[in-house]
Every structure is written in structure tokens, then in C-alpha cells.
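Let me begin by presenting the structure, written as C-alpha cells, before commenting on it.
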């Protein structure tokens, strides 16, 4: 891609400060028409702020943005959109309850004399969806009833409805399964062929290789490299640029599980209506069991059911030989089970509350006498844990919201470390976690299992399941279709098992 | 508070956020703002009404007025911090006051002990709270709707029991106890102070309080952390119900009557005081000290207006303005801490 | 028994006092609602300065608004009265606090129309103990020691007046249909009014054939009247307890196109009196429930503090209780009442 076209968008020396923080300290990069430009950076590197600056949600304090050669200043997202720049955020900003067409034309409704032109809006929405390769989405369907993938398509249709020339996509693959990612990539290729430029943000190196043209790396709010060829640049180099140090993107080595170790978690005949049934497995002390499967295969539901957070219709869960009360999280926690949920922010954390409060929330009785809490002890123990886990920035009194994804995940893990739990259930432990922190979390999981904790890991990334687990269970359509040692199976075989029967 | 009352600190490198924004940003700073507001109001009071305002008797008048609604507001702080809302507090106060002053209850009180009246009011308040809590937590009815239903039902029941007549208390021990003063401070004010102190300790120093923050901040995360969110929700509404019962006892003592018209619109006064105190309506953040200041600000405002013969309508406008300013300030602070 | 008798006597006398004041005056009042009632007597000579505190419920009804306005206007007339008016409230807790503020201010007298008589009794007792003259208006305290004097309207008398007027108008028609639209039915005052009405009708062999209750509001009056008109295909006379809700009642009657009956109002709003005067509506009369009670309270307070008595009484002190008369206002005498009527 060494075309000589003038850049569509050119960013020079952009600085954005918030009270007490400089979020962007000088960002430079160009985006050409028809390219997929990848933005890489650890969480907290300033990617989200940059997107907001480009999309007109924030105004830069310094620097200039040129759009088709002209210096521009987008005062608000509407101004950016009418120029042809649109952002598709991770948390999709669609209005559930409104139809697809209503969402596409939200804010610039087609109207005549104050009356909305419904038929015209439907017709144009249909055309946009066709262009995006999704004629299957009905324009009058309630957006809240669409899948995450289709919602993303609607967001893209909305951007294109304003004659979008540049789409900014913030981790679009995070909510999609492999199949949907493939569809997304096809749509992206079609759009770029039509001259639309894409700014693509992702943590997943393999996606960048597949879809990206050029890469810009951000670190601590600055551009550390820009215009790197996406396919040729070595992963190790990219990681070094992002983290500023050499990181082996590798799973920690492990010893075989002691076959005499006691079975800590025993699941027998677990079923929950239509979602899954006949699930049997055991986890020994010190063992890591991985659950592989597609989104919707029932893997997360199984985890939740073991934890008592989901009603079951049959089966039993035993911890250390004692049967847990059905559908009762409290009983599971008391028996020593811990869960790091899939949606960390909405299910795992009290975002606006201090780090220490998030860590001690499941262990309050240990810090209290007659119901009165010992605040000092809480802070001290939390401080020990965050130091041990290298949570950055340090300090247990800051709100969890201010931490990056990886550090937030460490806080959730610290909660269960503090509880000294016997069984740890991890759902997508590295989602939204950048490369540097990823390795640390892998190390941590390994440490826990070495200390005798029984661990169950669910992940969409087969590589992660195989790398972490001693034993692998493959879940498809609510049933365990394979169980065996992780070292005896490879990635493609797991993928086959996962997809079998679904790839029609 | 202590953070702000220390003498001038030398600027340090770790303190990039100096000045007003840092002051307002801290929880302590939030209360400082309320203290400033209250002091300003007092200054206005002294300027416009002079010694009539600064008089000890007048201060006690303000505190007595604050006491009843203050107790309700402390309870309301718990429910709102826990992510709920209760519109039925005024009606519960009315029902408790009526139930505690029926002829039957009074006869029992005269035969046994005047505490019968107190227990009757507390029990009715707690009962209403339990019903609210169970409907919301286990019946999965939105708090707004469930307590709206309670609002209508409790006041209706109060009217049925009292036949819309005012019930006069003729239990000498009861009135004598609540009419008394402790070291010059009326018993009603002492009760308010006790409730506020106990409320502060429970919210900030106990597992119950911590769980309240967790349940209000993110109920799903709290559930998955092993907290029994539903049981806790019931406890929160019950606690508020008990506070309504206490307020009813205080109102019965102050008026020597129980009536189905007692506690009119207390829900709005209480919610207003809680919100300007700095408790988030969306839950997860709450402050008892702020609530107490909120109540004092509103009652002092009312007193200054009364002293100056100004109209309640103008007072309502001022009250509205204070609420809007408080919420705007709160949003700005939230945005800053979230950025 | 004997107390009741004295009360009646006092009431008759005090009303007589008002009447004498009005007789012979030119009927046309100045624009607006200036309160022209009240006698000018030797008592009006300025005396020692009297500070009076005044508190009443929220002005959510035309009558209640008129109470405060009349009291203010009355105080304006006296150079020796300083009136402190706090705004009306329906929260007894706040009204108690208002009275406490008066006590702190060491006012000479408090004129109090309590939201709830019983609930305000303790603080009124406290005021009396502090040496303040308390004048109780309209809603009675629970204790006789809580007020120096009490000014009351006569609800039973209202019913009697209305019933007597209806009897006079329907003389000889023994099969006449009489209807009644009451106020809030569970209130004792409504029950008193209805009882008086029924008793008076009984004296002339009539009875209430159709009765509905509203809630003192325009909207409820409209609803109640619409129901009543459905239920009674023919009506000869209709008594409506309250002229504020009467606005709604009139609207419902207009909608139905009925006009075979005449109507008697209640409480005595200026609206209805103007209609009576013009003679162009169904209202032929209304029964006054004086909205000048607060104003009378101001006068009594001033006299009591200054140690004067009511001018036309031999009695040296201000009486304990004044029960006001409930006169029937018709086209013949409307000019006398219109100046003191309240605007809905």
C-alpha cells in the first residue's frame, strides 16, 4: 500500500488534558482513503480519548486536525458526522425500543413539514443494509432484539447514512464470535473498496494482521510509531512499542497435576432448561480446566450455574464433598467458590468505589466485629494484595473506574485471593486486557493453581484455553462434546469441535 | 473534614489538583460546600432578622422543625444509597401515627406503659417497610411503583382507622417524656441527633453499610460477590420504615395527636434533603452528614422566611433553585471524577 | 346547654353588630375585594401597640385564601396593630414551628386557623402559658385553655338557613324534589351542614330526595353534579354546599341544558353573589360561611390585648366564643354581602 493519495485525515501534535491528567500528549498520524488504519496501544494509552477527539466528542487543547487538507474543528459529534467522520463505540449507542430505521436516521430524521417519512427512511435503510451485506436485517425490527453483531451493522449503517467517509471502530470484535468477525471483515473490505477509510482499534494481533493496512502505536498518550505495515511488522516489535519492554506473549510453563490431588469441584448432571444439560465434570485441587465454545454455546451459563447465579433444573454441584444449595450465590461463596464474571464492569465491579472496597466486598465478615468494620485492616490487606499483583497506579483509595481493564481484572482476582477460595471460575479473564497485563494475569492464574486452587476458565480464544488449561471441555449447543487433556488436542481440532454442525 | 481544616499545606508534586476543584472533588469538600451554604443562610438570617434569628430559642425552633423530617431523611439516605427510592414515607408516618393513637392502643398504654405507643408506631413502620421491600426485592416491582402503591394504601388505611378524625393522645407519661429537655435540648432534637449518629456509624462503619453501597453501586456485581441483594433490599426498606415509625412518634408527641393527614409530602422533603446532601439518586454513594446538612438548610430557609414574613411560595421557588444547583454541582463533580 | 345558649346569644349580637355597620351604606363597593364590613366604634381609637401573629392553612381554596386576605386588610385599618403573617401550610409540623417562632418573637397575640385543631393544641397551650393571647379561628382546639377566644362559623346553621330558604320558595309544593351536593362527606362540618338542611326541610314536610358528595374542588363538583343530573330527571331545588365546587356544578348543569330548578349556594363566593344580583343564573341564593372569621380574630385579638370589650356588649371583657351567623343572601340583600364575599 504505497499509494500517493493525499491523506483523508491528518492529525498533528494533538494534545488533550483533563484536570490532573494529560490524556494525549502529542499524537500524529494520517489516514488515507480506502485503508484500514489500526490503532494499537495498551489500555490507558489514550485510544479512547483520541477517538472522542476525532469524532468531535472532545475538543483538543493543542494541535491540528486536517480533513481532506482543511484544518477543521469538530465542536460536537453531529458536526463530525456531517463532515463524514463517525465513531462506532464499544458500548453501542443505539436506542433499544426504536426500530432499525429510526436508529439509522436518529438525529437527522427524514421529514417533510414536520412529519417523518417512514417509507423513505425504510427504503434508504434497506439500501444501506444491503450495501453492508446484511439484507437479512428488517428495517422495522426493534434494535434491542438484534444480536450484538447486527447492532454493530446498524451502527455502521447509521454512519454511512450521513455519507460517512471515515469510520472509527472501537474494538468491534470484542462482542462478536468468530463467524460474526468474518462477516464484519467482509463488510470492512467492501467499504474500503468503495473508498471509505476505517480506523480500527483492537487488542487482537491476528485481526490486525488480517484486516489492517497500516498500524499506529500509542503509548502514554503519544504516538510512538506510525504508518507501520500491518502484515510485515513483527508481533514482538509491536508489543515492545506498546509496552516499552520486551514481553513474551506466552503462557507460563506448568507441571502436570498430581493425580492423587482431591477433587475439589464435582459437577454432576447439571442442566438448565434449554440452555444446557447433562454437564458432568470435576476439577482437582491445583488443576485448571478450560471450557471452549462459541458465544451462546452455554459455556458462560454453565459457569454461572455452578456459582449459583443461574437457576438449574437438574444436577448437583459439590465443593469439597459438600453439596451446594441450588441457585444461591451466598452458599457458593461460603463454600469457597469465586467468580470473575464475563462483563467485568457491569457484573464484577463497583466502578465508582475505592479499590479496597472492591477487594473486601466478599470478605467483609473477616474484617468486622459485631458488624463493625475495621477500615484500617481492610486497607492494609488490600494494599498488600495490590502490591503483590502489581496493580497500577497503586493506592487502594482510588475509584476502580480510573484503572485500565487489566488492572480492574487484577482487582477482581484480588477479591478472591483475599477470600482464599477453593474454586475459582474465570469467564473471559483477559477480555479488554492489553498484552502486557495479559501475561501477568496468566501468571497469576498459574500461581493460584499451584497453590491448590481448582480453576475453571472460559474463553473465546482457543489459544488461551489451550495455553492455560490442563484439561479442556468443548461445549456446543449446551452439551459437553469433548473432554480431554489440553496437550492432546490442538487449536484447529478444538475449532472443528466448536463449529461442527454450525458452519452450514 | 479533617483534610480541609488543616493549616495551609505546602504544595507538593503529588498534588496536581490544587485549589477549589480539588476541594470540591473530595467527599469532605462536598460537605464543606453545604457548611458554606448553611453559614450563608445564617448570615442572611442574622442580617434580616438580627437577634430574633440568633436567639437560642429560635435555634431550638429550627432544630425541632428539623427533627421529624430529619429522622425520615436519614432512613431515606440508606434506601437511596442502596439504589432505591421510597415515595411512601409520608403515608407511613401518617399510618403509624394513627395506629399508635387509636383508643385501643391508648388504653393498652394507660394500662401497661406509654412505651406501647412507641412500639406500636415502630412496628407499623417496620411492617410497611417490610412490605415495600418484599414487593420490590422478591416481587420485582419497580421501587417507584411499589412505594407509590404503599403511599396510596397506607394513607387510605390511616383514614379508615381514624375515620378521618384527629386522634388526641391522653397518655400523660408519653407526652411528659417527649416534652422534656435534656440539658436544655428538647428530647425530639436529642432523638434526631441519636438517629443521625447511629445512621452515620451504620452506613460508614459496618458491614451493613458497606453492603448498602455495594448493592446501590452495582446490584449485579454485589450479587455475584456473594451478597444477598434481595434480603439486603428488604432490610433497607425496613430500616426506613422504622425511621418513619420514629418520626411518627415524634410527630405524635409534638402535636399530641395522630392523624391521617400527618406527614403530607414528607417524601419530597426527605428526597430533596438527601439529594442536596450529596447522595446519588442512582445509588452507590451516600452521606448521612450531607443529609443532615440538607435538612438543616431547608429548615433554616423555612425559618428565615417565616421570620421575614415571606411567602411559602417564594420559599418553594428558593427550595427548587437549591435542589437544581445541588444536582448541577453533583453532576459536574461526577463528570470530573469519571474523566 | 347553657354554654350553647350564650354562644347563640353572642353570635346573634355580633352579627347584629356587623349588620348595623352596613345598613345605610351606599351599596356599590369600590372595585376589588376590599373588606368593607365591620363597625367603626369608639374601640377603634388607637390604643397601645399590639403585635399579632397570624397563621392559617395553605390557600388551596378560594375561601381559605380570602381568610388571610381579609385578616391582612383588617390589620391595615389599625395604626396600633402590627401583623406578622406567615404563609399557609398544610404541614402541622411546619405550622407548629411558625407558632413557636411567634412565641420566640414575644408577639402580643396569635390568631390561628389551625390545619388540624387538635394537633396545634399543644403549641397553642405553650403560647398561652407564655402570656400570649391566642385567638382560635374556625377549627377548634382540643383544649379550652389553648385559646382566649374562639371565632367559629355555624355549619349546622348553614344547613338550616339553606333548608328554610328552600321551604319558603317551594311553599305548597309537597311533591317537590330537593337535591343536595355536599362537600367532603366524611368531614364533621359536612355532616353538620346536611343535618341542618334535613332538619329545616323536615319542618315544612320536605326531604332530600337526591344527595351526592363532592370534594370542595371544581373538578369534583362537575363530576358529582353530572351524576346527580343523571339520577334525578326532575329537580325543583338544589343546594350545593360550597361555591368553589359550585363552579363545576354550574358547568355540569349548563352541559345538561337543564333549567327547571333553582339553586342555593354555600359559603358565599363573590361569583355566585354577582350571579344572584344579575338574576341571570340558576343561583337564587347562597348561604354565607363568613370568610371574615380571620379578620374578626384580628379585631378580637387587638381588643383582648388592649383590655377593651366588644362595643355593644355590656360585658367588660371580650367573650370566650363567637359563633357567626349563616345568613341567606338573595337578590334583595346581596349588596350588603358582596363586599365581604370571597373570590373563588
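Please treat every number below as a calculation from the coordinates, not as lab data. These figures come from a predicted structure and were not determined experimentally. Every residue, glycine among them, receives a Cβ derived from its backbone with ideal geometry; neighbour counts consider all protein chains shown.
The Rg/Rh ratio for the range C:90-208, using Cα coordinates for both the radius of gyration and the Kirkwood hydrodynamic radius, is 1.19. Percent of C-alpha pairs per 10 Å bin in the range A:263-304, short distances first: 26, 55, 19, 0. Coordinate range of the alpha-carbon atoms in the range A:209-273 per principal axis, descending: 54, 36, 25 Å.
For chain C, the Kirkwood radius over C-alpha pairs fed into Stokes-Einstein at 4 °C and 1.567 mPa s yields D = 63 µm² per second.
Give me the percent of Cα-Cα pairs in the range A:1-116 that sit more than 24 Å apart, rounded to a whole number.
Tail of P(r) above 24 Å: 37 percent of Cα pairs.
Seen against the Cα atoms of chain A and their longest principal axis, helix A:118-131 is set at about 70 degrees.
Order A:384-394, A:284-294 from most to least packed using the mean count of other Cβ atoms within 10 Å. Can you show the working numbers first?
Numbers: A:384-394: 16.2, A:284-294: 24.1.
For the peptides A:384-394, A:284-294, the packing ranking is A:284-294, A:384-394.
I'd like the distance separating the alpha-carbon centroids of the range C:248-323 and the range C:62-88, in whole Å. Answer, in whole Å: 17. How large is log10 I(q)/I(0) at q = 0.10 Å⁻¹ when the Debye formula is applied to the Cα atoms of the range B:48-338, each weighted equally and without solvent? Here log10 of I(q) over I(0) equals -0.53. Mean projection of the Cα convex hull over all viewing directions, computed for the range B:243-310: 5.8 nm².
Along its first, second and third principal axes, ordered by size, the range B:100-160 spans 43, 21, 11 Å in Cα coordinates.
Per residue of B:302-310, other chain Cβ atoms within 10 Å of the residue Cβ number 5 on average. Given axes a ≥ b ≥ c from the Cα gyration tensor, I'd like to know whether chain A is rounded (a/c under 1.5), prolate (a/b larger than b/c) or oblate. It is prolate, given that a/c is not under 1.5 and a/b is the larger ratio.
On C-alpha positions alone, give me the angle between the axis of helix B:143-162 and the longest principal axis of chain B, in degrees, nearest 10. Once rounded, one gets 30 degrees.
With respect to chain B, whose longest principal axis is taken over its alpha-carbon atoms, helix B:27-49 is tilted by about 70°. Neighbouring Cβ atoms from other chains, within 10 Å of the Cβ of residues in B:260-267, number 3 on average. Counting, for every residue in B:212-221, the Cβ atoms of other protein chains within 10 Å of its Cβ and taking the mean gives 6. When Rg and the Kirkwood radius Rh are both evaluated on Cα atoms of the range A:9-243, their ratio Rg/Rh stands at 0.97. Once you order the gyration tensor axes a ≥ b ≥ c over the Cα atoms, which shape class does the range B:155-200 get: rounded for a/c under 1.5, otherwise prolate or oblate by comparing a/b with b/c? Oblate, because a/c is 1.5 or more while a/b does not exceed b/c.
Write down Rg/Rh for the range C:220-344, rounded to two decimals, with Rg from the C-alpha atoms and Rh from the Kirkwood relation over Cα pairs.
Checking Rg against Rh, the ratio lands at 1.13.
As a length-normalised measure over Cα pairs under 8 Å and 6 or more apart, the relative contact order of the range A:115-230 settles at 19 percent.
Apply the Kirkwood formula to the range B:51-146: the hydrodynamic radius equals the inverse of the mean of 1/r over all pairs of different alpha-carbon atoms; give it in Å with one decimal.
15.6 Å
Give me the log10 of I(q) over I(0) for the range A:264-417 at q = 0.13 Å⁻¹, as the Debye formula computes it from C-alpha points; what are the numbers? Each listed q corresponds, in turn, to -0.69.
From the Kirkwood radius over Cα pairs of the range C:265-330, Stokes-Einstein at 20 °C and 1.002 mPa s returns a whole-number translational diffusion coefficient of 154 µm²/s.
Largest first and in whole Å, the equivalent-ellipsoid semi-axes of the range A:345-440 read 22, 14, 12, each the square root of five times a Cα gyration tensor eigenvalue. Expressed in units of 2.2 N^0.38 Å, where N is the residue count, the Cα radius of gyration of the protein assembly as shown is 1.19. So in chain A, what percent of DSSP beta bridges are antiparallel if you round to the nearest 5? Around 55 percent antiparallel, to the nearest 5.
When shorter helices are ignored and each DSSP H run of at least 4 residues is given -39500 (n - 2.57), the per-residue value for the protein assembly as shown at 222 nm works out to -15000 deg cm²/dmol.
Shape class of the range A:135-178 from the alpha-carbon gyration tensor: oblate, with a/c at 1.5 or above and b/c at least as large as a/b. Sorting A:402-410, A:71-79, B:70-78 by average packing, meaning the other beta carbons within 10 Å per residue, from highest down gives B:70-78, A:402-410, A:71-79. Computed packing ranks the peptides B:117-128, C:264-275 as C:264-275, B:117-128, most packed first, by mean other Cβ atoms within 10 Å.
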